[in-house]
Amino acid sequence: MKRSKRAMRRVILSNLFDHLQEHYTTGWSKEMFVDGQLSIHQIDAAIAFKSDQRLVELRNALDRLEGGTYGVCISCKGAISQAILDSDPAQRVCAACEEEISHTMWHPHESHASL
């Protein structure tokens, strides 16, 4: 069963907060950050001017959640499993496409007639 939009927002914000706490100084508690007490503008201000790809990925996940494309694979347009999203809420590809991408990276000269 898929988590609700609200539950996934909490997962994304929790990961975002944890990453900020690990690498930067913040003035907020995790509860404030995760429970929606901060506006998206305050969150954007907290991550502004930080050259950190993980922060960008998590912020983009929030945008996809709000835009209705969260959990949709960018490659095949299929659903990304809840287990994968729980593990990495910024994930953008499903397990099958991830495997295909990895296989192609490690075996670039093999024929892919099915593609």
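Rule-based calculations on the coordinates, nothing more; no lab input. As the structure is a prediction and not an experimental result, all values here were calculated from the model. Neighbour counts run over all protein chains shown; Cβ positions are idealised from the backbone, glycine included.
Values as computed for the structure displayed
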read-out: Number of positions in region 65-96 that are more than 19 Å from R6 (Cβ to Cβ) and of a type in the set (V, I, T); value: 3
read-out: Complete set of residues in region 72-104 that are more than 12 Å from the chain's Cα centre (by Cα) and of a type in the set (G, A, S); value: S75, G78, A79, S81, A83, A95, A96, S102
read-out: Qualifying residues in region 72-90 (those that are crowded, with 17+ Cβ neighbours inside 10 Å and in contact with a helix residue (DSSP H, G or I) (Cβ under 6 Å, 6 or more places away or on another chain)) - the one nearest to M8 (Cα to Cα); value: P89
read-out: Some residue of region 35-51 being crowded, with 17+ Cβ neighbours inside 10 Å and either within 18 Å of S4 (Cα to Cα) or aromatic (F, W, Y) (or both); value: no
read-out: Positions within region 41-57 being more than 26 Å from A79 (Cα to Cα) and in contact (Cβ under 8 Å) with a residue 12 or more places away in the chain, in sequence order; value: I43, D44, A46, I47, K50, D52
read-out: Segments classed as helices (runs of 4 or more DSSP H), wholly inside region 2-115, with at least 2 members that are among the β-branched types (V, I, T); value: 5-23, 40-47, 95-106
